[in-house]
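Heads up: the structure comes next, in structure tokens.
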Amino acid sequence: MTLTVTHYLVVSALLFAIGLMGIMTRRNVLMILLCIELMFNAANLAFVAFARVHGDLGGQLIVFFVITVAAAEVTVGLAIAILMARRLATLNADEANLLKW
């Protein structure tokens, strides 16, 4: 049995849907960040699958930049989560509206 690009895209769509559902249902900031990372990885899988089909390295290059952006997003997100945990003593996203002047 050979794996085609359709198999990779189905897995990518499932991962993206799981990440999207996690963002919509979870209220913990760390879980939301993990779901965003899952969605980034789903997009990366789709880029790599299309790059393999078309035989160019453009998909891998885009994935490299997406991984770099994801690393920066995790750094900023964890810093915000730490400040939120210190200030509010909770990581509930619904409490984030209290971070006003």
Select from the range 22-72 the residues that are closer than 29 Å to residue 83 by Cβ, of a type outside the set (Val, Ile, Thr), open to solvent by 70 Å² or more (accessible area, probe 1.4 Å) and more than 12 Å from the chain's Cα centre (by Cα) and list them in ascending order. 24, 26, 27, 65
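Quick check on the range 1-21. Is at least one of its residues among the β-branched types (Val, Ile, Thr) and surrounded by 16 or more Cβ atoms within 10 Å (Cβ to Cβ)?
We begin by selecting, within the range 1-21, every residue among the β-branched types (Val, Ile, Thr); these are 2, 4-6, 10-11, 18.
After this cut, where a residue has to be surrounded by 16 or more Cβ atoms within 10 Å (Cβ to Cβ) as well, the list is none.
No, because not a single residue in the range 1-21 is among the β-branched types (Val, Ile, Thr) and surrounded by 16 or more Cβ atoms within 10 Å (Cβ to Cβ).
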Report yes if some residue within the range 83-98 is open to solvent by 80 Å² or more (accessible area, probe 1.4 Å), on the phi < 0 side of the Ramachandran plot, among the charged types (D, E, K, R) and not in a helix (DSSP H, G or I); otherwise report no. no
Criterion violated by residue 2 - all others in (1) assigned to a loop (DSSP other than H, G, I, E, B); (2) closer than 24 Å to residue 92 by Cβ satisfied: (2)
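The values are calculated or read from the model by the stated rules, or taken from the named source; none is laboratory data. Treat the numbers as computed from the prediction; the structure is a model and nothing was measured. So basically every Cβ, Gly included, is an ideal-geometry build from the backbone, and we count neighbours across all protein chains shown. For accessibility, only protein heavy atoms count, side chains too; no ligands or nucleic acids. Shrake-Rupley method; radii C 1.70, N 1.55, O 1.52, S 1.80 Å.
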